[in-house]
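First comes the structure, then the notes that go with it.
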Amino acid sequence: MVILNQPPPVAWLYEHPYATKKENGKNVPCKYLPIERVEYLLNRIFGKWRVEILREGSIANSCYVVVRVYVLNPVTNKEEWNDGVGATPMQTDSGKGAMEWNFVKSSAVQMALPSAESYA
């Protein structure tokens, strides 16, 4: 619990390339913990864990993924789980609306779906 309730080391955090937040009236990049660090912590804390993709799909011009992360509780030795959802916009031609499917880039799903899974 001590590890889980601490903020991650600052060196582990990356600046998100798109997401921003307001600080002192200015837009600054949001920080996030990359998936490889999350997986490292799962390995160190729980030892045994797995991810199940429950569903995936699209809403407007975004791909979404719903996952369930199972861990083996080291205290009770019982499997527990938690669900997560993530979404990423699919790339479209500049200036085109979210529902204009004729202008979605050919590799949009290939790029967006893995990102959505990582966010989930």
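The values are calculated or read from the model by the stated rules, or taken from the named source; none is laboratory data. The structure displayed is predicted, hence computed values, not measured ones. Quick reminder, even Gly has a Cβ in these numbers, built from the backbone with ideal geometry, and neighbours come from all protein chains shown.
A few remarks follow.
- Conditions (1) modelled with pLDDT of 90 or more; (2) crowded, with 16+ Cβ neighbours inside 10 Å; (3) not in a strand (DSSP E or B); number of the one not met by S115: (1)
- Only listed residue being over 30 Å from M1 (Cβ atoms) and touching a helix residue (DSSP H, G or I) at 6+ places or on another chain (Cβ under 6 Å), chosen from M99, M90, M111: M90
- When K96, K22 are checked against the criterion of being part of a strand (DSSP E or B), farther than 17 Å from S115 by Cα, basic (K, R) and over 20 Å from the mean Cα position of the chain (by Cα), K22 stands alone in meeting it.
- Looking across region 41-90 at every residue that is assigned to a loop (DSSP other than H, G, I, E, B) and surrounded by 17 or more Cβ atoms within 10 Å (Cβ to Cβ), the one that is nearest to the chain's Cα centre (by Cα) is identified as M90.
- From the options K48, K31, residue that is of a type in the set (D, E, K, R) and closer than 22 Å to G86 by Cβ: K31
- Cross-chain or 6+ apart pairs with Cβ under 6 Å, region 67-90 first and polar (S, T, N, Q), then surrounded by fewer than 17 Cβ atoms within 10 Å (Cβ to Cβ) and in a strand (DSSP E or B): N73/E80
- For region 1-40, the set of residues classified as surrounded by 10 or more Cβ atoms within 10 Å (Cβ to Cβ), more than 24 Å from E79 (Cα to Cα) and among the aromatic types (F, W, Y) consists of W12, Y14, Y32, listed by residue number.
- For the residues G25, G47, the requirement of being touching a residue at least 24 places away in the same chain (Cβ under 8 Å) and on the phi > 0 side of the Ramachandran plot singles out G47.
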